[in-house]
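**Q** First the structure, then my questions, so here it is.
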């Protein structure tokens, strides 16, 4: 009959990913004629436990390059946008999300502008991103334990060494 021991260790107890499309808009100081380019930089984010769900708070900067004044001048406008998401990450083996659980958030796909347009003097942006979340927490595993036995090899002396006090000198002759 095998004996078992329970070992408490840290392991990934939940893992999920989510793709999200977000819509933002802002009004620049000038009347925009044409959007010439748009890109996202400085994406930062972190995850926290919020009543058993993972709350992700993040932000990024969007640079929009546009022409104005009848397409005779250009300007780059930078705007910071923030977001908050509440993710329900499924947990494995009846694990629970606690305050001691480690939440790891990764950007699987950096925020990218998928569409930009001008509407009523506003620049309207569609931005898509993909986040991956891993939850590391305490879990138990059971391992079989062999019966305890002494696995050391016994060293046996070949024989005892005899001390000789007197030497017979004619023995070799």
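**Q** Give me the pairs, please: first residue somewhere in segment 92-105 and touching a residue at least 60 places away in the same chain (Cβ under 8 Å), second residue anywhere and part of a loop (DSSP other than H, G, I, E, B), beta-carbon distance under 8 Å, and either six or more positions apart or on two chains.
**A** 97/52; 97/89
**Q** Now for a different question. Among the numbered criteria (1) exposed (fewer than 11 other Cβ atoms within 10 Å of the Cβ); (2) at pLDDT below 95; (3) touching a strand residue (DSSP E or B) at 6+ places or on another chain (Cβ under 9 Å); (4) under 26 Å from residue 25 (Cα atoms), which one does residue 122 miss?
**A** All conditions are met except number (1).
**Q** Would you be able to say whether some residue in segment 109-126 is closer than 27 Å to residue 22 by Cα, outside any strand (DSSP E or B), out of contact with any helix residue (DSSP H, G or I) (no Cβ under 6 Å at 6 or more places or on another chain) and touching a residue at least 12 places away in the same chain (Cβ under 8 Å)? Show your work before the answer.
**A** We begin by selecting, within segment 109-126, every residue closer than 27 Å to residue 22 by Cα; these are 109-126.
Still in the list and also outside any strand (DSSP E or B): 120-121.
When the remaining residues are screened for being out of contact with any helix residue (DSSP H, G or I) (no Cβ under 6 Å at 6 or more places or on another chain), the result is 120-121.
Remaining after also requiring touching a residue at least 12 places away in the same chain (Cβ under 8 Å): 121.
Yes; the residues of segment 109-126 include at least one that is closer than 27 Å to residue 22 by Cα, outside any strand (DSSP E or B), out of contact with any helix residue (DSSP H, G or I) (no Cβ under 6 Å at 6 or more places or on another chain) and touching a residue at least 12 places away in the same chain (Cβ under 8 Å).
The values are calculated or read from the model by the stated rules, or taken from the named source; none is laboratory data. All values reported here derive from a predicted model rather than from experimental measurement. No Cβ is skipped: glycine too gets one built from the backbone with ideal geometry, and neighbour counts run over all protein chains shown.
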